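Scroll down for the structure; my scribbles are underneath it.
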Amino acid sequence: MAYDLEEQEQLASIKAWWSKYGNLLTWVLIIALAAYAAWTGWNTYLNKQSQQASQLYDEQLHAVEAKDNAKVLRAATDMQDKFSGTAYAQMSALVAAKAAFEANDVDNAKKQLQWVIDHGRDAEYKAIASIRLAGLLLDAKAYDEGLKLLAGDFPAQFAGAVADRKGDILVAQDKRDDARAAYQLALDKTDQRSPGRQLIQLKLDAIGGAPAKAAA
């Protein structure tokens, strides 16, 4: 009898607790389950997007090998329209820019590089696009635009390449003192083992620069 009484008290306590907190607990569970379902669905969507983008990127690379530049550009446009949130979109735009440049289609090369700068999500890809676009602006004698493009923040590993490109533009402007400083900085920020150091040193020497300092 004592056991039955104790059990009844426990049941009464549980009922009282449920009466007070049951609705809240139910809503918490519903929200948690909905959040989990949304998270699972979103990841499934992202995986599907990534797979489709990967297939389109492979098609683009085949078009590059075939030198079908129109198809290369179409693939880049499709990638940007449908899969702009994936890394493949940035990679695809860089591939399209290179193919366009090699086909003497400078306008489309610039367009693709600018897309990466404006819409890219990874600082590394944006840095690559900025350096390459600055080179095209140098060729077009748009020196101020090129320097402005290189004035932003870049990942540390691109410091040497950015300074080198600045040096090229400054030489074209006949600003030799500034160019020497830029090339020296490029040497300081470029790894000693990098094959690009020799070219930077040659450019520095060509404008009467001092011997290269040890890399930082």
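The values are calculated or read from the model by the stated rules, or taken from the named source; none is laboratory data. Here the structure is a predicted model, which is why all the values come from computation and not from measurement. Ideal geometry is used to build each Cβ from the backbone, glycine not excepted, and the neighbour counts take in all protein chains shown.
If you check ASP177, ASP139, ASP205, which single one turns out to be closer than 25 Å to LEU113 by Cβ, among the acidic types (Asp, Glu) and not assigned by TED's automatic domain parsing to the domain that holds GLN112?
Exactly one of ASP177, ASP139, ASP205 is closer than 25 Å to LEU113 by Cβ, among the acidic types (Asp, Glu) and not assigned by TED's automatic domain parsing to the domain that holds GLN112, namely ASP139.
Cβ-Cβ contacts under 8 Å between residues 6 or more apart (or on different chains), taken from a first residue in the stretch 169-187 that is surrounded by 22 or more Cβ atoms within 10 Å (Cβ to Cβ) to a second residue that is in a loop (DSSP other than H, G, I, E, B), are listed as ILE169/LEU150; ALA179/ILE207; TYR183/ILE207; TYR183/GLY209; LEU187/ALA212; LEU187/LYS213; LEU187/ALA215.
Look at ALA186 and say whether it is in a helix (DSSP H, G or I), touching a Leu at 6+ places or on another chain (Cβ under 9 Å) and not charged (D, E, K, R). So ALA186 fits the description; yes.
Residues in the stretch 57-83 that are buried (at least 18 other Cβ atoms within 10 Å of the Cβ) and either in a loop (DSSP other than H, G, I, E, B) or among the aromatic types (Phe, Trp, Tyr) (or both): TYR57, PHE83. Within the set ASP188, ASP153, ASP177, ASP144, the sole residue that is closer than 21 Å to LYS126 by Cα and over 19 Å from the mean Cα position of the chain (by Cα) turns out to be ASP144. Residues in the stretch 95-134 that are small (Gly, Ala, Ser) and surrounded by fewer than 18 Cβ atoms within 10 Å (Cβ to Cβ): ALA103, ALA123.
Scanning the stretch 192-205 for residues that are in a loop (DSSP other than H, G, I, E, B) and surrounded by 12 or more Cβ atoms within 10 Å (Cβ to Cβ) returns a single hit, SER194.
Criterion applied to ILE128, ILE117 was being closer than 18 Å to GLN157 by Cα, assigned by TED's automatic domain parsing to the domain that holds LYS71 and at pLDDT 95 or above, and the one residue passing it is ILE117.
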